[in-house]
1. Report the FRET efficiency, 1/(1 + (r/R0)^6), for Val322 and Leu298, where r is their Cβ-Cβ distance and R0 is 30 Å, rounded to 0.05.
2. Diagonalise the Cα gyration tensor of region 123-240 and give the resulting equivalent ellipsoid semi-axes, square root of 5 times each eigenvalue, largest first, whole Å.
3. Remind me, relative contact order of region 123-240 in percent, using alpha carbon pairs under 8 angstrom and six or more residues apart?
4. Using amide H atoms built in the peptide plane, which far-off residues or other-chain residues are under 5 Å from Asn53 H to H?
5. Keeping every protein chain present and rolling a 1.4 Å probe, give me the accessible area per residue for region 11-113 in Å².
6. Taking a cut-off of 14 Å, what percent of all Cα-Cα pairs in region 258-319 are separated by more than that?
7. Excluding residues fewer than 8 places away in the same chain, name every one of the lysines whose C-alpha is closer than 28 Å to that of Lys88.
8. Under a 5 Å amide H to amide H cut-off, with H placed in plane at 1.01 Å, what residues pair with Asp192 once short-range neighbours are removed?
Amino acid sequence: YTILSKVHSDRNVYPSAGVLFVHVLEREYFKGEFPPYPKPGEISNDPITFNTNLMGYPDRPGWLRYIQRTPYSDGVLYGSPTVENVGKPTIIEITAYNRRTFETARHNLIINIMSAEDFPLPYQAEFFIRNMNVEEMLASEVLGDFLGAVKNVWQPERLNAINITSALDRGGRVPLPINDMKEGVYVMVGADVPFSSCLREVENPQNQLRCSQEMEPVITCDKKFRTQFHIDWCKISLVDNTKQVSTFQEVIRGEGILPDGGEYKPPSDTLKSRDYYSDFLITLAVPSAIALVLFLILAYIMCCRREGVEKRNMQTPDIQLVHHSAIQKSTKELRDMSKNREMAWPLSTLPVFHPVTGEMVPPLHGDSYDNTSMPLMQTQQNLPHQTQIPQQQTAGQY
């Protein structure tokens, strides 16, 4: 396919500082820019993803977040603008990617942050809703239902959604994919009147004790939320900005307080040149020289101080050399004999004639006899040709 890139006209939006800003990136808006190229009998439903960044930077501003669950759902930009950005246009580059044809389409979103007339709202409450994901809560009808429930229990004259944050951004865990579990979402709202008695019930000792024991606190107005929103009342946060808390603390000098060292003076920008020749000698040359000297000493000891075999024999007694030579010859003879076990027995071990009659006697064993198993000495009972010599009788028997 040919990868094309099309640029849409800029779009301007005017959110207020301190008030929740939500902008939906609709897939249908960009679908018309991508040729469908459907197969015969199929309906074009290409996966489309979005990339958003501040113009000239790789990421978005710190107050602006983006979420898109799947390539087949719309993307959402949301966040709460700050007062520091009032009057400064924020240009967000939005690039849509067609994951089937690899085509792109982009346009700029110009965010002109306006200052709120009575901002900030002094009383702010943050709720944690357990049965919602952030993209579900950002839907206008769902957020409207929640603000309506809060307005019934708070009864303010002005009520605004200040910010929405996913529980995953607060360190929460991804839920298990069972029973359609949700990740949870934090919703902060602000009003111009003090908190109602229903919201203050979380601060009483009984409910604080139940929360410490991981039990549900008893809140009278919970039934007005329970039909659609499951609120974790132990995680509710109530902030009263009308009570200014002074963060300035007077420093009392004493033990543990360092004396004033004056104004910090950084080092000069210009660095002096340095000669590293001496460092080279200390690091490489000196160890190399020591290693060379040790090598020469060891070579002299191993090669130049050898006495030799002749000098060793001259210093050895003659009798010791004779014994050593005899042992070597005997060992060699035994080894030669062990190699020639199949040879005939020596004649000195075979009888030649009968000891009584004097007749010639054949060999004790044939040529096929295994002489390796023959005992070195044979008893007289084992000799087949041995003749019994008559015993002498005593004189009394004659």
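The values are calculated or read from the model by the stated rules, or taken from the named source; none is laboratory data. Every value quoted in this text rests on a predicted model; they were computed, and no experiment measured them. Counting neighbours? That spans all protein chains shown, and the Cβs are built from the backbone with ideal geometry, glycine included. Remember, those area values only see protein heavy atoms, side chains included, never the ligands or the DNA or RNA. Shrake-Rupley method; radii C 1.70, N 1.55, O 1.52, S 1.80 Å.
1. Calculated transfer efficiency: 0.20.
2. Numbers: eigenvalues 93, 71, 32 Å².
Semi-axes (√(5λ), whole Å): 22, 19, 13.
3. Working: 182 pairs, mean separation 49.4, N = 118.
It rounds to 42 percent for region 123-240.
4. Glu93
5. Working: 5220 Å² over 103 residues.
Solvent-accessible surface per residue comes out at 51 Å².
6. Values: 1499 of 1891 pairs.
Summing the P(r) of region 258-319 above 14 Å gives 79 percent of all pairs.
7. Reachable lysines: Lys6.
8. The list, which skips near neighbours in sequence, is Glu157, Arg158.
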